[in-house]
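Let me give you the structure first, and then I'll get to my questions.
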Amino acid sequence: MAGSISCSTTCRTDVFIGLLSRVQKRFGRVLMFADNAARHKSAKVRQYIRGCDGLRIEYFLPYTPELNTIETQWRVMKNAAGSRVYGDVRAMEDSIRTMIRQKVIVPVKLGDFLRC
């Protein structure tokens with residue numbers, strides 16, 4: 001397909017490293033929890049972390065989504081909205097905003113989990 005971009009694990013690893021860099025610049029010392037996705041544990045990520053003072057990543061145990069707040073919220077949102085058919089993206093976004101207002105789902109603030 002003309003104009004499409006294929007995002008391999010390397011691309012996603014680079015995006016993750018960019019996130020780590022921005023988070024550390026913002027918060028200084030950082031302890032981050034991550035799932036076991038290849039992009040979070042690649043050799044490139046491990047090398048980047050070794051070169052950073054004050055950045056540490058702990059990984060959730062495999063197959064334990066209940067320990068990952070994002071996964072829990074995602075499951076709630078999918079259960080509440082996933083079986084619906086939306087006319088367009090805007091309708092889906094409006095539905096998610098309504099769920100947040102009604103406290104069906106609670107957005108997670110990145111800073112709540114990253115500040116050491």
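The values are calculated or read from the model by the stated rules, or taken from the named source; none is laboratory data. The structure displayed is predicted, hence computed values, not measured ones. Virtual Cβ from ideal backbone geometry, glycine too; neighbours counted across all protein chains shown.
Go through (1) under 22 Å from R12 (Cβ atoms); (2) at pLDDT 80 or above; (3) among the β-branched types (V, I, T) one by one and return the number of the condition V85 breaks.
The failed condition is (1).
Go through E66, E58 for me and flag whichever is modelled with pLDDT under 90 and charged (D, E, K, R).
Only one candidate passes the filter, namely E66.
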